[in-house]
Structure formats: C-alpha cells, structure tokens
Amino acid sequence: MADTDNKEKSNLQPSRRSFLNTIWAALGILAALELIFMVFTYLGRKKPGAQKEQSERLIDAGIIDKYPVGSVTANIMGKFYLCRMEDGGFIALSSKCTHLGCTVPWDDKGKRFICPCHGSSFDISGAVISSPAPRPLDMYPVHIENNTIIVDTGKLLKRNEFLKTQLVYTKKVSK
Amino acid sequence: MNKSLILHFRPKMVDARALRFSMTFGLGGMALVLVFILFFTGLLLKFYYLPFPEKAHDSILYIRNSVLFGAFIRNIHFWSANFLIVITFLHFLRVFFTSAFHQPRGVNWIIGLGLLIIVLSFNFTGYLLPWDQLSFWAVTICTGMLEYIPLTGKWLQSMTRGGLEVGAPTLSIFFAAHTALLPGAMIILLPFHFWRVRKAGGIALSEIIDGDKEKYRVKAIPYLLLREVVTALVLIALILILSIIFDAPTGDKANPGLSPNPSKAPWYFMGFQEILLHIHPFFAVCIIPVIILIFLLVLPFIKYVSNSKGVWFISGRGKKSAFFSFILALVLSIIVVITDEFIPDFSAMLPGIPMLVSNGLIPCFIMALAFAIFYFLLNKIYRPDRNENVQAVFVFIFSVFITFMITGIWFRGSSMKLVWPWLLAG
C-alpha cells in the first residue's frame, strides 16, 4: 500500500509530509491552548459587585464615646467587630474565621470569639487562643477623625500575630 | 428487535459465576439505575428551580408545597443522590477487594476514580442549590478549604466562588456545573467505563484451571437480564418508599451573617472536616488527600505476585491481615480523637514555633510513626505477600477515614465538641 511505502520512506529521511504534519500538530496544540486560555479568562472575570464603591467601603461607625473600654460591638453593615481594648485602643476585626471563613460570634461571658464550625477561639484583639485557626482574625484599617471612627472595609489586612502597633488611639490618650 | 438492542450492551453469553449476587452485589448496575433516576428527576426539578439567592430558597419551597408531586420528585432526587454516593463507594470497595483493578483493568480503575470524583462533585454542587443555612455554610467551609492549597489555592477558590465570598456568582457557577458541566462529563465517561468492562471480557473472575470454559457459559438473555432487572426494581422500590416516608431537609434561608452552631460539611466530606480539627489545614486538605490519590492511582500498576482476581480478600491470610488492619486503624483513630479533645494542642504547648510545624509537621510525624509501627506489626505477625500488603494498607487508610467520618457526623455537637449521638439531636 501507498501508506506503508510512505512510512518506510519517512523512516529514512524526514519527508515534506512529516514536516507538515509536525507543523499541523504544533498549530493544533497552539489553538487548543488559546481556547483554554480564553475559557479561563472568561470564567475568571471580575463579577459585578466584587469591587465596592468608595462610599460603600468607608463605614462611619459613630463617635468614640459610644464604645466603652473593653467592649466589642458588631457592625452589621460592614461585617466587622469594633473592639476597644482596656487601654482605649481601637481595632476593627473581620467577623470571618481565618480557618475556613465561618462567621465568629463574640461570647461576652467568656470574653472571646468562638467559631461554631471548628471551635477556634480568639481574644478581644483577635489573637488565637485555641487552634485550628492558623492566624489571628483579619483586620480593617481604622481612622479616627474629630472623635468619629471610620473603618475602611475595602482593605482587608492579614497578620500573623497581634502587635500593639495595630491598635489605633485618639490623639489625646485618656489616662 | 428488543433482544438485539439489549445485546448491543451485553454479550450474548456470560460466565455463570459472574451472575452470583455475592460476586458483585449488583453495585455497578445499581449506580447506573440511580444515575438514570437522577437525570430524570433533575430534569423535572429544573422546570421550577431558580438559581438566584433571593429566589432559590423560595422556589424550593414552591416545589415542595405548591407543585403536585413536587415534594415527592425532590425527595426521590435527594434519596437517589445520597444512595449514589454510598453505592459508588461500595462498588469501589468491591472492585478493590476482588482485585478487579489488576491489569488489564488498570485504565478502567482510573476512569472509575474519575467517575467517583464526578459523583462527589455532583452531590456537592447540588448541596448548595436549596440556599438554606445548612448548604450555605457547608459550601463556605468546603470552599474555604481550597485556600490552603499552595500556589493555585487562592485562584481555585475565587474560580469556584466567583468572588471573595459565597454569594450570587457562586450559586450560578454551581448551578451551571450541576446541570450542564457534570452531566456532560458523566455522559462521556460512563459509556467509556462500560466499554472497558466489555473489552476486559466482563467482570473479573478467578481463572479456571482445569476443564473447559464453555461449561460455565450461559445465555445473557434471560439469565443476566433477569438478575439486572430484579436488582433495579428492588432498588427503585426502596427509593420510592424512602421518598414517601422521609422528606428531604429544608432549613432556614441562608444568612451570611450567622453561622449555625455547629456548621458541618456535607456528610461525605465530614472525614476531611474531622481531620481539619486535628491538623493544620495545609496538611489536611492538601498533603494527605494528594498522598491518598497518588496511592489509588498507582494501585493497578504495582507488580503483583499472585493472580487474585475474582477472589474476595485474596486469601485466608488476606482476610486475617485485613481484619487486623481494620481493628488497629479503628483503635488508633479513636485514641487520636479522644486525646485531642482532652489535652491541649501542640500549638498551645509549644508557643513560639510556627503553627505549620506545631500543628502540622509534628502530628504528621506522629501519624507516620503510627503507620510505620502498624506496617512492622503487620509483617511480623502475618508475613503477607505483596497483594495482601497493599490490601492491608488500603484497609488501614480507609478505616481511619471512615472512623473520622462517623465521628464527625454523629459524635460532634455544639462547637464541634464530642457528644453522644443521642444527645446530638435537637
């Protein structure tokens, strides 16, 4: 048959046909890669609403006097907790557990956040008291202007440990 | 004409030994019946279901309360889906324990693993669709696990969620996967799976040493067909009875601001959630599953010393060593669950060391040590050959996994603390 003849020939020296076949195969692979790239780019598109507007991101949490020392207040709109430490410092904690993303409620009796999903617990500063959570609760930047607290919920800050510098104070530190 | 149609799917003559119920328990056939029921009821549900967060839960309530036979159709879909997982897993165990994954069935074993993953994905994507508290938080937890996969984790998570959190895009992605992508994949892989069975000459049976093979041959119609139809009818009857008596659960509408206590993954993923309680997530969702998957993928390509095809548990020694592995795995995993409940974890005992080491590497090292001791004892006591050794390791791994799964489903209550099952309800 002609086919086997061709094969025998191509074993001896690369024919024009085998060269063209290689080109075809390469073009085919290239086309497939383009298709895969296009599909994934299409699926990975930014969904509407993923990026919040500036006015939605900045949440006015009211004046500082609303928050007594050692208190934890849930902010429903921004899905965060505004915590005021014993020394008067503020921190805004994300309500999502750093383990798998469940919403952690504040237990006022035990003075800790307890995750209902896997039992991780965090203290008032967000630091891990018991695992499996691998790091402290994430936080949002807090700004205090004219005794009013503003939380930027557009910027989630991850951290590996709790540091004093993460707390925000008013200009005049009350003693 | 009917006869010739059936003979397109079945050989004309089959080995009589393949027809014995205790050879296969009809599990593959049952799985196929369930797939048909699921396609059909799923199609009916699709006429009413709306994949939007504001409407999904209401449309489920509408199907349940206002559509004639709506609750019944949904119950059949629910029960068939849960049965399919159990039956597929049992089918997987049957194939393993009768050495039916040995060559030339290696490729089909891998196709089968693919189908197992498809069945799990089907169930998982379907789990979110009712958009109640149970499904919302189960999916939050499970997609949260993806974050710990190195390099691609973040990307995978945002691809499955369609954003940073579970929300409207997640629901539409899961709906598309559940009703188009996965059915398509299944329609391609299932016939491939069946064709490979035919290609290998039917199901795996022990070799006939003396006498001629023809002696065992019987006609597929009626002998095989009759058995298949009976199995299918009994299964369908069972599903219908369950669907009449027990309703598929419908919880409260999903509330992203409130995690119910406890929040659990779907029951078939509870083994993973239980591992997550004990070990750093990087090991629980990445290292351990990858090791198990590689183990399953290389199984057919190991060189086996004896031909144990079609023989349950290989041999007498195989049975004993498998039972030994099962008991040891059961005891060890119960010890792990109980000690972890009552002693402080390693991260609390060793502050200052990164959690990846204290909660990840150290427990993994202990696990590897326990496995080494198990392997040493196994070989000391039973002196198994390679077939039996592989079987014992398989039994060990899956006994741990199933013990963890049962602990997670029935022994974990509020804040995932250990409780007795009878105190769990309510």
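Listed by position, the helices (runs of 4 or more DSSP H) contained in the range B:215-306 that have at least 1 residues being within 14 Å of chain A (Cβ to nearest Cβ) and either crowded, with 17+ Cβ neighbours inside 10 Å or at pLDDT below 85 (or both) are B:270-278. For B:Ser358, the criteria (1) polar (S, T, N, Q); (2) under 24 Å from B:Arg94 (Cα atoms); (3) buried (at least 20 other Cβ atoms within 10 Å of the Cβ) hold in every case but one, which is (2). Just one of the numbered conditions (1) surrounded by 13 or more Cβ atoms within 10 Å (Cβ to Cβ); (2) farther than 25 Å from B:Leu113 by Cα; (3) away from chain A (no Cβ under 14 Å); (4) of a type outside the set (S, T, N, Q) is not true of B:Pro183: (2). Taking strands (runs of 3 or more DSSP E) as the structural unit, those lying wholly within the range A:99-162 and holding at least 1 residues that are crowded, with 16+ Cβ neighbours inside 10 Å, over 21 Å from the mean Cα position of the chain (by Cα) and not β-branched (Val, Ile, Thr) correspond to A:112-114, A:128-130. Being under 20 Å from B:Met30 (Cβ atoms) and β-branched (Val, Ile, Thr) is a description that applies to B:Ile85. In the range B:353-381, the residues that are away from chain A (no Cβ under 14 Å) reach residues that are in a helix (DSSP H, G or I) and of a type in the set (Gly, Ala, Ser) with C-beta atoms within less than 7 angstrom, at least six apart or across chains, in these pairs: B:Leu378/B:Ser321; B:Leu378/B:Ser325; B:Leu378/B:Ala392. Right, B:Leu128: surrounded by fewer than 20 Cβ atoms within 10 Å (Cβ to Cβ) and either at negative phi or at pLDDT below 95 (or both) or not? No: the conditions fail for B:Leu128. The condition (being in a helix (DSSP H, G or I), hydrophobic (A, V, I, L, M, F, W, C) and in contact with a Pro (Cβ under 9 Å, 6 or more places away or on another chain)) is satisfied by just one residue among B:Val357, B:Val336: B:Val336. Taking strands (runs of 3 or more DSSP E) as the structural unit, those lying wholly within the range A:1-94 and holding at least 2 residues that are modelled with pLDDT of 80 or more correspond to A:72-75, A:80-84, A:90-94.
Within the range B:387-426, the only residue that satisfies the criterion of being charged (D, E, K, R) and loosely packed, with under 15 Cβ neighbours inside 10 Å is B:Lys417. Taken together, the residues in the range A:72-106 that are within 13 Å of chain B (Cβ to nearest Cβ) and among the aliphatic types (A, V, I, L, M) amount to 5. Among the residues examined, A:Asp60 qualifies as surrounded by fewer than 18 Cβ atoms within 10 Å (Cβ to Cβ) and either within 14 Å of chain B (Cβ to nearest Cβ) or farther than 27 Å from B:Met145 by Cα (or both).
The values are calculated or read from the model by the stated rules, or taken from the named source; none is laboratory data. Please read these numbers as outputs of a predicted model, since none were measured by experiment. Positions of Cβ are backbone-derived with ideal geometry, glycine not excepted, and every protein chain shown enters the neighbour counts.
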